[in-house]
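Single-structure report; data block below.
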Amino acid sequence: MGFLKKAWKTVKKAVRTVVWVMNRIGSIFELALSLLRFRPEKKMRIHGWILAEHLHGKFVPVEDEDVVKEWFVKAGEIIKREATVKLLNDGGGPRWAWGAREGAPASAITPPSDTSFLNGGAEEFYDDYHPNYSLFGIRVFIVKDFVPSVRGSSWPVFTGIAAVRKTQVTSGISVGGGPDVLVHEIGHLCGLFHRNGTKSNLMCSSEAGRTGTNLTQWQVSVLRTSEYTSWL
């Protein structure tokens, strides 16, 4: 079973790489059209998992499912408005995010904010804990917090994994995850970098004081030609 799992991971990475290269070649023409504002609707598949921690003898999700559902719905409105990309529920049915059926390792519930330093079984947990829906669907994990604390983080190219922090109330102000954080991390997965000099831009970091969810023409074009968007 271990051999088959490793083989399947290798096959998925190889397929993603080949499709990514082909997409980059074919996207040159599409990029030009997008810059000219010719943008028919594209699709992006996404699904979320709310991690659970073991408390008082039972597994307790770190965030309420209805709260996370609202994040996904509003995130869909943002990305549709800015990039003409429709978010599709990759899990099927009305539930945008499922509560984990079992406890996650502590390193996955409170991962390092720099995901290149994942440890303690966190990376394997994130990579394995999902049904195999579309090969290029984005997976979002709702975690308790990061170390050091940030609102969201995302994995390198080819993985399609992002993590968003649960809502926390500090000094009467609700902070943590949210639709803007979710779309911001999607932006990173699609190849967008921080743009901290413009606070109204979606890719301005929360720490730099993001105030809006706008995207430039170039950012829209890059997002639309990423491997996570498709015409079907």
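The residue that is surrounded by the fewest Cβ atoms within 10 Å (Cβ to Cβ), among those in the stretch 67-91 that are small (Gly, Ala, Ser) and part of a helix (DSSP H, G or I), is Gly76.
Applying the set (1) under 20 Å from Asp128 (Cα atoms); (2) under 15 Å from the mean Cα position of the chain (by Cα); (3) of a type in the set (Val, Ile, Thr) to Val62 leaves exactly one unmet item: (2). For the stretch 15-63, filtered to residues that are in a loop (DSSP other than H, G, I, E, B) and loosely packed, with under 15 Cβ neighbours inside 10 Å, the residue that is modelled with the highest pLDDT is Glu41. Looking only at residues of the stretch 175-197 that are β-branched (Val, Ile, Thr) and in contact with a strand residue (DSSP E or B) (Cβ under 8 Å, 6 or more places away or on another chain), we find that the one that is modelled with the lowest pLDDT is Val175.
The values are calculated or read from the model by the stated rules, or taken from the named source; none is laboratory data. These numbers come from a predicted model, not from an experiment. A quick note on method: Cβ atoms are made from the backbone with ideal geometry, for glycine too, and the neighbour counts reach across all protein chains shown.
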